[in-house]
Amino acid sequence: MKKLLSILLGVSIFLAGCSNTSDDTAQNESEEGASEEGEERVLTDDAGNEVTIPSNPERIIGTYLEDDLLALEETPIAQWTVGEDSVQDYLQDEGLEGLPLMPFDLPFESVAAEEPDLLLISSADTVEGDKYESYSKIAPTFVVDSGSYDDWRDRLTRVSEVFGKEDLAEEKINEYNELVDQASTELSEEVNNESAIAVWYTGGSFFISNKDKSSGEVLYNDLGLTAPDLVEELSADNETPWIEASLESFAELDVDHIFFIADAEGDSEKALADNVFQNIPAVENGNVYELEQGNSWLYSGYIANSLIVEDVEEALGTN
């Protein structure tokens, strides 16, 4: 769990082509990445590498980009993990169930054993130094630096360029925006101006979601719920998706709803039994909603955020 925490806290998660009929412009298309789906293309990744993308890659490894891949109807051949118990549970039913596990640090021998024909890297740090050359000897290696994309929509669009599926990415983004529009309208009628907070309790420590990242992005920016002062204060000038909060900082917390991400069932009752939580309106009124640690609330993407919206709708009684 400590390793999972460090990865999640460190993860913060475009090129355009042109078309013409001349030979020179056709060459430009190849270099910039605008060509028809199914053709071999040359793209420049987020680390500045020119990468030859194979036509119709079938054995893809894209750890920690699985949400984007599945949204684009691309099933990877292995899935990200920090130990066997730390997988993205919310994606198992979406297409990851039964897939081999791939350690988060992508050991060369583990990657090579899967015989990929395309490797997507979610962090430029993973390929620093001579590592990129070593990965490239296994398969074409394209860096999509998740930390460069504050909005999952931009990251999904970037990944879609690798597969020539920009139209599908736009379709998914529009679907999500429609889901949010409907949900936010219902919420404004049901829980007008009420506040909420996402709290992750792990290893005996409390973390809250940044106002503009992870599940905080959905609660406040998408659905329009009010961020309590504690979220505002800790999120200011902070780029960390999940921010550690001291026990004492909850003493003055004034919030109507708590979405509590737990390591194990029943953690919310144990953790919130401390006297410091007893005067919080959400606790007094029984508005604490416990979610499992493997739930989508710790992640960000088309699938993750859509599930978060559905969870909020269910919890607040709008369905």
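Values in this text are rule-based calculations from the coordinates and carry no lab data. This structure is a prediction, so every number in the text was calculated from the model and none was measured. Using ideal geometry, Cβ is built from the backbone for each residue, glycine included, and neighbour counts are taken over all protein chains shown.
Mind giving me the nanometre distance, one decimal, between the label points for S246 and D154, set 7 Å out from Cα along Cα→Cβ?
Taking the two extended label points, one gets 3.4 nm.
What does the highest-first list of 58-70, 227-239 look like by mean Cβ count within 10 Å?
Put in order of decreasing packing, that is 58-70, 227-239.
Pull up the DSSP beta bridges for the chain and report the antiparallel fraction as a percent, rounded to 5.
Antiparallel bridges: around 40 percent, rounded to the nearest 5.
Alpha carbon centre of region 88-118 versus region 213-258: separation in Å?
Between the Cα centres of region 88-118 and region 213-258 lies a distance of 32 Å.
If you take the beta carbon distance between E194 and D167 as r and set R0 to 45 Å, what does 1/(1 + (r/R0)^6) give as a FRET efficiency, to the nearest 0.05?
0.75
Could you calculate the contour length gain from K131 to D181, that is, 0.36 nm times the residue separation minus the distance between their Cα atoms, to one decimal place in nm?
Answer, rounded to one decimal: 13.6 nm.
Charges on Cβ only, +1 for Lys and Arg, -1 for Asp and Glu, centred on the Cα centroid of region 198-319; of S296, A227, A282, which one is farthest towards the dipole's positive end?
S296
Excluding S195 itself, what net charge comes from residues whose Cβ is under 9 Å from its Cβ, given Lys and Arg +1 and Asp and Glu -1?
Result for the neighbourhood of S195: -3.
Efficiency by 1/(1 + (r/R0)^6): what FRET value for Q92 and D254, r their Cβ-Cβ distance, R0 = 41 Å, to the nearest 0.05?
0.65
N275 to E39: extension gain in nm, 0.36 nm per residue of separation minus the Cα-Cα distance?
Length gained between N275 and E39: 78.7 nm.
Using mean Cβ contacts within 10 Å as the protection proxy, how do 43-53, 189-199 order, highest first?
By packing density, highest mean first, the sequence is 189-199, 43-53.
Return the calculated 222 nm mean residue ellipticity for the chain, to the nearest 500 deg cm²/dmol, obtained by summing -39500 (n - 2.57) across DSSP H runs with n ≥ 4 and dividing by the residue count.
After summing the helix terms and dividing by the residues of the chain, the value is -9500 deg cm²/dmol.
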